[in-house]
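Input: a single structure, listed below in structure tokens.
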Amino acid sequence: MVARPVPKRTERGRPVACAPVGSVRYNFRSPYCCWSLLDTNLISAGKKRKLQTACEKSESTTTLAVGVLDGFAPDGEDHACQLHIGERLGKLEQLFEKFVCRKAPNVTSNVASSQDSSRTRSAESNEKPFKFTGLPPLPQSDRQSLADGILGTRTWTSAPSIRTLVEKEDVLPSSDPVHRALAALLPSQHDADVIFESSNGWMILNGMYRPSKELFVGQDTESYALDIATIAKERAIVVARTLLHLAACICALPPDFDTSRLRNIWNLEATMENYVATVTTLVTSSDELLLTLPGLETLLLLSVYHMNVANLRQAWLIVRRTMNLAHLMGFHRIVQSKQIPPIESIQSSASIWCCLVDLDRILGLHLRLPFASDDYPVAEDDELHRVHRARLATICRQVAELDHEVTCQSYVQALALDEKLESMMKEQPKDFWDVPNVPPTARTAESYDVLERLMVQMWHFELKIFIHLPFLLRAPHESRFEYSKVAALQASRNIVMRWFALRNAGITQACCRFAELSVFIAAMTLTLDILIDMATKEKAEVQKAKGSDFAMICRVISEMEKLGKASTRERIATRSAVVLKKILSSLDPSKQTLGKARLTVPYFGAIELNYKKLPVRPAFDLDSGTAKKLSSNGTAEHIPVFSFVTNALWPTTNEFNDPEMDFDIILFDGLRDLDVDGNWVF
């Protein structure tokens, strides 16, 4: 066994790193100790003297700049060992560089230059000793990071941390650019108070969402006015919800509202549209913001706004998106619970879900689109209008299936549904069905119940129209459908009388203008019945039997035209009056020479009118302009959005060359309820 030689000593008294190759075994320290010493040296590298470059030839630079590595500085005798240690230390630097995963071109260049310099000096002359310049200086920010990585106290391969919703709660609203943009749109407290007290949209605070008590003026929930200064300090989603609430209230302002009462709002329509456009751009595009209770309330208010401005298709899309998010949050399970926990947020969630289901059923019936959820239960001891509304939502699915195919079996189903509606009607007290005396200005819980009861009555009678309408249009050919004709006409009259009650009170915007949609369907039903009678009976007989109905229709048109002229916000009323006047114009004898007239009517589809002839639905013409526009580039603003329509609402006629063509295609100008010709269609 070879004895371990005593290490040589330099002039400083430190042992040389190695002896000549082959004569001794190297006695390096343990890896842990070596790494610890390197770590200690690197952390304190900023306090060491400046490194000497490899090009310096002074003998005084033979020591290393790295503290404990000075002991490894070679003398000028063993050049092979010197080269070996230089390569090993260069590899060690590369190992460090890979370990901390940082880019440092200086390290690579130093390693390369050190290796090349040592090789060159060894080849040229044995008199030029190897001089190791040490590790490159590290920035102060990297020193502790490198030390932590070596000691294993930090996982360098982990992904960057992701901010969660909990972390976001620590951020002040003022630091959020979205919050700043939304808060800048909030009106003054004076203007907000005027809008709240003048609008019929105060019912939103009871029916659509329930803000916390702190958000009301004076923390008084019965004031129906929100504190703008407090809301400006809330989260962005709360500010967005308030802006949409204000937009809905502005849209629901009476036509004769005096804008001079406002200080900072000059154009109501522009302000309303600005609120909606900003919230739609900044907030509704983020599912993360919307997947909260205030977020769903924001979407619900946005759907209400689009219903108010006669964009039912856009409202339906928003309602479906809201329901999808509510499904993720389990709202459909909350309402199915036998006992809802007495927690304010849970109870609000259940209320929102019921509103969403009701809106989905109403829009689905008018647009002939499928429903998105099951029925929701309701306690029998709840408010009468809520109990009846839940029952109506339950039978909507069966009503929607009636015009898929009209047969003897479907007529039996229609009569069964009619009987069910009648039994539901009898279960309510008699005074429940009286036309209520609507209070014009009172904003109380009692007024809310009166208006809600009125809306439920109108929905009840509209469902009755939907049940019997396919058979009313077939009554001229089949006398067995005479009962359906009588039932549908009576339901239409009941709706019109209740809409007149709202007009007498100066209220036309309550409950998302649902009343105006109902009265449009009712007036169209009465108008079509008059057209059918004029084509099958004598004029004098029709005037005697339908004189009151005709006068009722004329009053509806007159009232709607007044609304449309008084305010551009009354879009449903304006468009309803235009459609009804076009249909009634076919009764004008002076226009019989013009021949057939083709109209596209909301819900009823395409209708072909001719003087003293039955209104029919024309077959789709493959050579028509609609078919050619399907492959065109569209209008200046939008590519046409086509909608394929087929149902059994209208009876087939012998004029169809091909029964398979008994359908229609409507070209919409975007998501608005307007076709490419500007007609109001849904």
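Looking at 329, 236, 181, which one has the Cα that reaches farthest to the positive end of the dipole of the stretch 172-377 (charges on Cβ: Lys, Arg +1; Asp, Glu -1)?
329
Going by amide H atoms built from the backbone, whose H comes under 5 Å of the H on residue 616, apart from near neighbours?
Result for residue 616 returns 608.
Using all C-alpha to C-alpha distances in the stretch 172-377, build P(r) with 10 Å bins and read off the rounded percent in each one.
8, 35, 37, 17, 3, 0
Based only on other Cβ atoms within 10 Å, what is the fewest-to-most ordering of 179, 332, 327?
The order, fewest Cβ neighbours first, is 327, 332, 179.
Applying a 10 Å radius around every beta-carbon, put 187-200, 309-322, 205-218, 458-471 in order of their mean neighbour count, most first.
Values: 187-200: 19.1, 309-322: 22.1, 205-218: 16.9, 458-471: 24.4.
Descending packing order for the listed peptides: 458-471, 309-322, 187-200, 205-218.
With a sphere of radius 9 Å drawn around the Cβ of residue 410, what net charge do the other residues whose Cβ falls strictly inside it have (Lys, Arg +1; Asp, Glu -1)? Don't skip to the answer; put the middle values down first.
Numbers: positive: none; negative: 401, 403, 405.
Summing Lys/Arg as +1 and Asp/Glu as -1 gives -3.
With a point put 7 Å past each Cα toward its Cβ, work out how far residue 288 is from residue 261 in nm, to one decimal.
Modelled inter-label distance: 4.2 nm.
What list do you get for 338, 544, 420 if you sort them by fewest beta carbons within 10 Å? Walk me through the numbers on the way to the answer.
Working: 338 5, 544 9, 420 15.
Ranking 338, 544, 420 by Cβ neighbours within 10 Å, fewest first, gives 338, 544, 420.
What are the GluC sites (Glu not before Pro) within the stretch 521-594 that DSSP puts in a loop, where the Cβ has at most 15 other Cβ atoms within 10 Å? Intermediate values should be presented prior to the final figure.
Details: sites: 538, 541, 559, 561, 570; in loops: 538, 570.
The qualifying sites are 538.
Given a cut-off of 26 Å, name the pairs among 546/612; 426/537; 565/613; 485/562; 426/544; 562/613 whose C-alpha atoms lie farther apart than that in the structure shown.
Numbers: 546/612 16 Å; 426/537 36 Å; 565/613 33 Å; 485/562 31 Å; 426/544 32 Å; 562/613 31 Å.
Long pairs (Cα-Cα over 26 Å): 426/537; 565/613; 485/562; 426/544; 562/613.
Tally Lys and Arg at +1 and Asp and Glu at -1 over the other residues with C-beta under 12 Å from the C-beta of residue 455: what net charge comes out? Walk me through the numbers on the way to the answer.
On the way: positive: 386, 389, 453, 498, 513; negative: 358, 449, 452, 462, 516.
Residues close to residue 455 contribute a combined charge of 0.
Arrange 251, 554, 354 by Cβ neighbour counts within 10 Å, fewest through most, would you?
554, 354, 251
Summing Lys, Arg as +1 and Asp, Glu as -1, what charge do residues with Cβ under 12 Å from the Cβ of residue 191 carry, residue 191 excluded? Provide the component values of the computation, followed by the final result.
Numbers: positive: 261, 263; negative: 193, 197.
Local charge sum for residue 191: 0.
Taking Rh as the Kirkwood radius, which is the inverse of the mean 1/r over Cα pairs, what is the Rg/Rh value for the stretch 461-599?
Values: Rg = 15.4 Å, Rh = 15.8 Å.
My calculation of the ratio gives 0.98.
Any read-out appearing in this document is the output of simple, stated calculations on the displayed coordinates, not a laboratory observation. Remember, predicted model here, so these are calculated numbers, not experimental data. Glycine gets a Cβ as well: all are built from the backbone with ideal geometry, and neighbour counts include every protein chain shown.
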